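Down below is the structure, laid out as structure tokens.
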Amino acid sequence: MEKKYCLVITSYADEENGKKIIDALLTARLAACVQVIPIQSYYHWQGKRASDEEKLLLIKTKSSLYSKVQEVIITHHAYELPEVIQVPISAGSAGYLHWLEKECC
């Protein structure tokens, strides 16, 4: 059974770039809520190990809007290859999911 709601995850390092992504998602009503969490990322990139201070975005939206959310992130993101991951929401409080339904177009 397809899940009706999802969490989309991405990250950014530049504060201005992050605000641009968040503003685009909220203005287009593609997200009911976007949370920002400071993180330290360790990864391989172009044959080297790297580490960066970043911010993790947790974007709550409808599964049907995922492709539009992904498009906004890729269009506005400063990274050459931004992380864009969809995680289905399998359950949640009825009131919260109702609110999410109302806030996303």
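For this structure, a couple of remarks:
- Within segment 61-105, restricting attention to residues that are part of a strand (DSSP E or B) and touching a helix residue (DSSP H, G or I) at 6+ places or on another chain (Cβ under 6 Å), the residue that is least open to solvent (accessible area, probe 1.4 Å) is THR61.
- Test: residue in segment 26-44 that is closer than 20 Å to GLU101 by Cα, within 11 Å of the chain's Cα centre (by Cα), in a strand (DSSP E or B) and not aliphatic (A, V, I, L, M): yes
- The set of residues from segment 2-21 being under 14 Å from VAL84 (Cβ atoms), open to solvent by 10 Å² or more (accessible area, probe 1.4 Å) and in a helix (DSSP H, G or I) is empty.
- Subset tally (residues that are touching a Leu at 6+ places or on another chain (Cβ under 8 Å) and not hydrophobic (A, V, I, L, M, F, W, C)) for segment 49-78: 4
- Meets criteria (open to solvent by less than 90 Å² (accessible area, probe 1.4 Å) and out of contact with any Asp or Glu (no Cβ under 7 Å at 6 or more places or on another chain)) for ILE39: no
The values are calculated or read from the model by the stated rules, or taken from the named source; none is laboratory data. What you see is a predicted model, and the numbers here were worked out from it, not measured in a lab. Positions of Cβ are backbone-derived with ideal geometry, glycine not excepted, and every protein chain shown enters the neighbour counts. These accessible areas exclude ligands, DNA and RNA; they are computed on the full protein's heavy atoms, side chains included. Shrake-Rupley method; radii C 1.70, N 1.55, O 1.52, S 1.80 Å.
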